Amino acid sequence: MARAELRAWLRLVLTPHVGPGCARKLLAALGSPQAVFAAPEAALVALVSKRERTALGEEPEGLDEQVEATLAWLAQSPQLASGRMARQVLSLADPAYPQMLLQAADPPLLLFAQGRLDLLARPAVAVVGSRHPSPQGRDNAYAFAKALSQAGVTVVSGLALGVDGAAHEGALDGGLGSTIAVVGTGLDRVYPKAHQALAHRLAEQGLLLSEFTLGTQPLQANFPKRNRVVAALTRGTLVVEAAVQSGSLITARLAAEMGREVLAIPGSIHSPHARGCHALIKQGAKLVETAQDVLEELHLESSALGAAANASSADANTCQDQATSVTSDEDPILAAMGYDPVSQEALSARTGWGAADLGARLLELELMGQVARLPGQLFQRVGLA
């Protein structure tokens, strides 16, 4: 994108009192941002209000600084193995702008991207959920995302702590479909800071995407906007774990409003993390137990994808045992524990084991990675053991 064109797009994005809807109306009538700012007053009267016309006639504060910062950011772009520059700014008029996002009611005027733009053209599934998932929820997010990626499906999420991060990691480890992180800040910032290493890996093997200009802080209002992009980029949204009041449910609602599928993994009736998923299922979301369920529901399976998905479906099957050094058939504690959080006292009552022996065995299972110790002196099976 040439400097003059970039400057015009940034000016349109940054102009106060001119929202995305108004901007798209102007672009539809006049063709380009340059034409918008060159248009005479008489041409604008029929399109926008007096307040908006006044705003369009004045350059927004900090425009030149933003232009220079963006050009410097682009100039410092690393080169991908394909030979393409890793950093790009895509406008609504750019052929590389994702077609799925163009179908949304309010697509961003600009997208800042770093990484593999080819992922925007691939079939994709959003994987979202709690920022504070249970150990099982985190493992499910990782396993489903890895299996979907191995099947050639791109996993989209929001780089948040918890389920989002686990989904990105699983998809990156799956390799084929990889993953897109839609963020609520400028791409020159990483939020949360705990995901610095993950963001670096995403920039190399996946894609970081933002509609926010460089320097944008992680403001609360940014994240619902980010969620609509997550939903719009995908054929469906999979909710792994979510409370009833949750940003993940906002993403699911936005997906449904766009005509996308909503899928949910069921959980324990005693877990607050599962209540949001159960509410979605009651409202018509597809209950899924494996990555294969997701592929079939979204009609993503082909002979090639199906072979990869079948080979990896055990990774994302929440109902079958995974081959481990200790299985529930071999260990009475795991068999008695089930899949819900449980206290040591309850386990003692179920098994008849004394406190000392039970405590020692729980510690062994914890060290082996089969059991997690939760707040409130509760224990829960980890992974698919």
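The values are calculated or read from the model by the stated rules, or taken from the named source; none is laboratory data. From a predicted model like this one, the values you see are computed outputs, not experimental measurements. Neighbour counts run over all protein chains shown; Cβ positions are idealised from the backbone, glycine included.
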TODO: Among the residues of segment 335-355, write down those that are at pLDDT 85 or above, outside any loop (DSSP other than H, G, I, E, B) and surrounded by fewer than 17 Cβ atoms within 10 Å (Cβ to Cβ).
DONE: SER343, GLN344, GLU345, ALA346, SER348, ALA349, ARG350, THR351, ALA355
Open item on the list: Within segment 277-292, does at least one residue satisfy the condition of being of a type outside the set (Ser, Thr, Tyr), farther than 30 Å from ASP340 by Cβ and touching a Ser or Thr at 6+ places or on another chain (Cβ under 7 Å)?
Closed with: no
Open item on the list: Could you go through segment 171-194 and let me know if any residue there is of a type in the set (Lys, Arg), within 28 Å of GLN66 (Cα to Cα) and either without any contact (Cβ under 8 Å) to a residue 24 or more places away in the chain or assigned to a helix (DSSP H, G or I) (or both).
Closed with: yes
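Yes/no per residue for (1) under 22 Å from LEU90 (Cα atoms); (2) not aliphatic (A, V, I, L, M):
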| residue | (1), (2) |
| --- | --- |
| GLY19 | yes, yes |
| ALA23 | yes, no |
| ALA29 | yes, no |
| SER32 | yes, yes |
| PHE37 | yes, yes |
| LEU47 | no, no |
| ALA55 | no, no |
- [ ] Can you confirm whether segment 244-259 contains a residue that is more than 30 Å from ALA81 (Cβ to Cβ), crowded, with 24+ Cβ neighbours inside 10 Å and not hydrophobic (A, V, I, L, M, F, W, C)?
- [x] yes
- [ ] Check off (1) in contact (Cβ under 8 Å) with a residue 24 or more places away in the chain; (2) in a helix (DSSP H, G or I); (3) under 30 Å from the mean Cα position of the chain (by Cα) for ALA4 and give me the number that stays unchecked.
- [x] (3)
- [ ] Output the number of the condition that GLU241 fails; it satisfies all remaining conditions of (1) out of contact with any Cys (no Cβ under 9 Å at 6 or more places or on another chain); (2) part of a loop (DSSP other than H, G, I, E, B); (3) buried (at least 19 other Cβ atoms within 10 Å of the Cβ).
- [x] (1)
Task: Residue selected from segment 63-85 under the condition modelled with pLDDT under 95 and touching a helix residue (DSSP H, G or I) at 6+ places or on another chain (Cβ under 9 Å), by the criterion nearest to LEU111 (Cα to Cα) - done: MET85
TODO: Kindly state which helices (runs of 4 or more DSSP H) lie completely within segment 16-121 and contain at least 2 residues that are within 32 Å of the chain's Cα centre (by Cα) and not assigned by TED's automatic domain parsing to the domain that holds GLY186.
DONE: 20-30, 63-75, 99-102
Task: Out of SER130, SER149, SER210, SER157, sole residue that is buried (at least 24 other Cβ atoms within 10 Å of the Cβ), among the hydroxyl-bearing types (Ser, Thr, Tyr) and under 20 Å from PRO78 (Cβ atoms) - done: SER210
- [ ] Would you tally the residues in segment 172-186 being surrounded by 24 or more Cβ atoms within 10 Å (Cβ to Cβ) and of a type in the set (A, V, I, L, M, F, W, C)?
- [x] 4
Open item on the list: If I filter segment 216-232 for residues that are free of Cβ contacts under 8 Å to residues at least 40 places away in the same chain, in a helix (DSSP H, G or I) and not hydrophobic (A, V, I, L, M, F, W, C), do I get at least one hit?
Closed with: yes
TODO: Filter segment 260-272 down to residues that are more than 18 Å from the chain's Cα centre (by Cα) and buried (at least 19 other Cβ atoms within 10 Å of the Cβ) and give me whichever is modelled with the lowest pLDDT.
DONE: SER271
